[in-house]
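Novice: Below is one structure. I have some questions about it.
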Amino acid sequence: MRFCSICSGSSGNCIYIGSENTSVLVDVGISGIRVERGLNEIEMTTKDVDGILVTHEHSDHVKGLGVLARRYGIPIYGTEGTLAEIRKSTSIGKIPKGLLRTVKADEEFEIGDLSILPFEISHDAAEPVGYRVEHEGKKAAVATDMGCYSDYTVEHLKGLDVLLLESNHDVHMLQVGRYPYYLKMRILSEHGHLSNETSGQLLGKLLHDGVRHVFLGHLSQENNYEELAYQTVCNEVSYGDNPFKSDDFDITIAHRDRVSEAVNW
C-alpha cells in the first residue's frame, strides 16, 4: 500500500491511496495541473487513477473534480447528498454521464482490489463522509472536516496503519483572529472543524502498536501553523489518558502547498 498527501489544508485537499494495482484519490480540491504534478512526484500519473472518493461538496475538496472527470473519465464516488450538490455546481461543470456513483455510509464497496468503507462525519455539508481503505489487511483512512467526534468515529478509525487526521485550528488564534463572528462560531461548532487539542484527544484513542504513520491535515492558513499543530497534538497524546507517548510514532504534518512524504507498507 502507498499513502501520500498531495496537499491538505483549508485552501485545497487531495490525498492519494493505492495498492500495486489500484489507485484512488480522496478529494480533488486543487487544479488538475497540481494533481498531475503531485502524482508525478510519487511516480504516478492521473491516468493511473481508478476512482475519486469525495468527502463532501465544499470547494476545497472538489475544485478540480470536473476537469479530471472530463479529461480522464475517472469515476467519482460520493454520497447521494454530495453528488446532488456536485450536479448543481456551476463551478465544477457538467460531469460525463455514468461517472457519478453513489455510496452510503457504513456500506463497503470495492474499487479494483481496494475495499472502501465510507463513514459519517459531523460537518456542515449535504451528506459528508470520511473514508477507510483496506487492501490485504493493510488499512488507511482520511478523517477531516469534523466538528466533533464520537464513539462511532473512534470505532471506524481503530486498527489503522496510516491515518490523515484533521488538526484544523488553534482555538485562541481563531477567537482573537480577524474572521467574522459567524464564521468563528461555524468553525467552533459541532459541524465545523477539529481544533488541535481535540485532534490530539481523538488521536490518543486511536493509537496502537501497529500505527505506522499519522499525518495531521487540513490546517487553517489563518488560524494555525504547522509547529503549533504538531506540538499541541503531541502534548495531548503524551499527557493524555493513554499508554503512549507521541514520540513512539511517526507523526508529521500534511503540507498545504506541497506533496508530503509518501508512506509505503
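The values are calculated or read from the model by the stated rules, or taken from the named source; none is laboratory data. Fair warning: this is a prediction, and the values are worked out from it, not measured in the lab. With ideal geometry, Cβ positions are generated from the backbone for all residues, glycine too; neighbour counts draw on all protein chains shown. Side chains are part of the model used for accessible areas, which takes the heavy atoms of the whole protein and leaves out ligands, DNA and RNA. Shrake-Rupley method; radii C 1.70, N 1.55, O 1.52, S 1.80 Å.
Novice: What does the charge add up to near Val237, with Lys and Arg as +1, Asp and Glu as -1, over the other residues with Cβ less than 14 Å from its Cβ?
Specialist: Net charge around Val237: -4.
Novice: Per 10 Å bin, what percent of the C-alpha pairs of the chain does each bin hold, from zero upward?
Specialist: Each 10 Å bin holds this share of Cα pairs: 7, 33, 39, 18, 3, 0.
Novice: Ok, one more. Find which of Gly240, Met146, Val26 sits farthest along the positive direction of the dipole of the chain, computed with +1 on the beta-carbon of Lys and Arg, -1 on that of Asp and Glu, about the Cα centre.
Specialist: Ranked along the dipole, the leading option is Val26.
Novice: For Asp113, Asp241, write out the residues from largest to smallest accessible area, computed with a 1.4 angstrom probe and no ligands counted. Don't skip to the end; give the middle numbers.
Specialist: Details: Asp113 50, Asp241 165 Å².
Ranked from most to least accessible, the order is Asp241, Asp113.
Novice: While we're looking at this one, here's another question. What is the dipole size for the chain, taken about its Cα centre, with +1 at each Lys and Arg Cβ and -1 at each Asp and Glu Cβ, in debye to the nearest 20?
Specialist: In debye, rounded to 20, the chain gives about 1120.
Novice: Could you work out which residue, out of Gly93, Gly12, Gly204, moves most in a Gaussian network model of the chain, that is, has the largest mean-square fluctuation with Cα springs under 10 Å?
Specialist: Gly93
Novice: Sketch the reach of a paramagnetic label on Lys245 as a point 7 Å from Cα along Cα-to-Cβ, and name the residues of the stretch 182-217 whose backbone nitrogen lies under 20 Å away.
Specialist: 200-201, 203-214
Novice: For a quick check of your reading of the filter: which GluC sites (Glu not before Pro) in the stretch 166-205 sit in a DSSP loop and have no more than 14 other Cβ atoms within 10 Å?
Specialist: Details: sites: Glu166, Glu190, Glu197; in loops: Glu190.
For GluC sites (Glu not before Pro) across the stretch 166-205 that sit outside H, G, I, E and B with at most 14 neighbouring Cβ atoms in 10 Å, the list reads Glu190.
Novice: When ligands, DNA and RNA are left out and all protein chains stay put, how many square angstrom of accessible area per residue does the stretch 53-173 have with a 1.4 Å probe?
Specialist: 41 Å²
Novice: Taking the full set of protein chains and a 1.4 angstrom probe, give the accessible area of Arg212 in square angstrom, rounded to the nearest 10.
Specialist: Counting only protein heavy atoms, the figure is 130 Å².
Novice: Please work out the Cα center distance from the stretch 170-209 to the stretch 58-77, rounded to the nearest Å.
Specialist: The stretch 170-209 and the stretch 58-77 have Cα centres separated by 28 Å.
Novice: Over 27 Å between Cα atoms, which of Lys104/Lys139; Lys104/Lys205; Lys97/Lys184; Lys47/Lys138; Lys104/Lys138 qualify?
Specialist: Over 27 Å Cα-Cα: Lys97/Lys184.
Novice: Using only helices, what value at 222 nm comes out for the chain when you add -39,500 (n - 2.57) per DSSP H run of length 4 or more and divide by the total residues, to the nearest 500 deg cm²/dmol?
Specialist: -7500 deg cm²/dmol
Novice: Tell me which residues come under 5 Å, amide H to amide H, from Ile30 once H is placed; ignore anything under 5 positions away on its chain.
Specialist: So Ile30 has HN proximity to Asn13, Lys63, Gly64.
Novice: Return the loop-located GluC sites (Glu not before Pro) in the stretch 74-118 (DSSP other than H, G, I, E, B) with at most 11 other Cβ atoms within 10 Å of their own Cβ; answer none if there are none.
Specialist: Here the GluC sites (Glu not before Pro) that fit, given the DSSP loop and packing criteria, are Glu107.
Novice: Counting only DSSP beta bridges with both residues in the chain, what percent are antiparallel, rounded to the nearest 5?
Specialist: DSSP beta bridges in the chain are roughly 55 percent antiparallel.
Novice: With θ taken as phi - 60° and the coefficients 6.51, -1.76 and 1.60, list the Karplus ³J(HN,Hα) couplings across the stretch 59-74 in order, rounded to whole Hz; mark glycine and proline as x.
Specialist: Result, rounded to whole Hz: 4, 6, 10, 10, 3, x, 4, x, 4, 5, 5, 6, 6, 10, x, 7.
Novice: Tell me, what ³J(HN,Hα) does each residue in the stretch 155-160 have, in order and in whole Hz, if you take phi through Karplus 6.51 cos²θ - 1.76 cosθ + 1.60 with θ = phi - 60° and put x for Gly and Pro?
Specialist: Coupling constants for the stretch 155-160: 4, 7, 10, 6, x, 7 Hz.
Novice: May I ask for the net charge around Ser260, where only other residues with Cβ less than 15 Å from the Cβ of Ser260 are counted and Lys, Arg are +1 while Asp, Glu are -1?
Specialist: -1
Novice: Sticking with this structure for a sec: Find how many whole Å separate the alpha carbon centroid of the stretch 1-30 from the alpha carbon centroid of the stretch 235-265.
Specialist: The stretch 235-265 and the stretch 1-30 have Cα centres spaced 18 Å from each other.
Novice: Rounded to the nearest percent, how much of the accessible area of the stretch 1-84 (1.4 Å probe, protein heavy atoms only) is carbon and sulfur?
Specialist: With neighbouring chains kept in place, the figure for the stretch 1-84 is 43 percent.
Novice: Tabulate in residue order the Karplus-calculated ³J(HN,Hα) for the stretch 20-35, using 6.51 cos²θ - 1.76 cosθ + 1.60 with θ = phi - 60°, rounded to whole Hz; enter x for Gly and Pro.
Specialist: After applying 6.51 cos²θ - 1.76 cosθ + 1.60, I find 5, 10, 9, 10, 10, 10, 9, 6, 9, x, 9, 5, x, 4, 5, 4 Hz.
Novice: Please give the net charge around Leu114, taking every other residue with its beta carbon less than 12 angstrom from that of Leu114, where Lys and Arg add +1 and Asp and Glu add -1.
Specialist: So the surrounding residues net to -3.
Novice: Check which residues have an amide H placed less than 5 Å from Ile251's amide H, if you skip close sequence neighbours.
Specialist: Residues meeting the amide H criterion: Val214.
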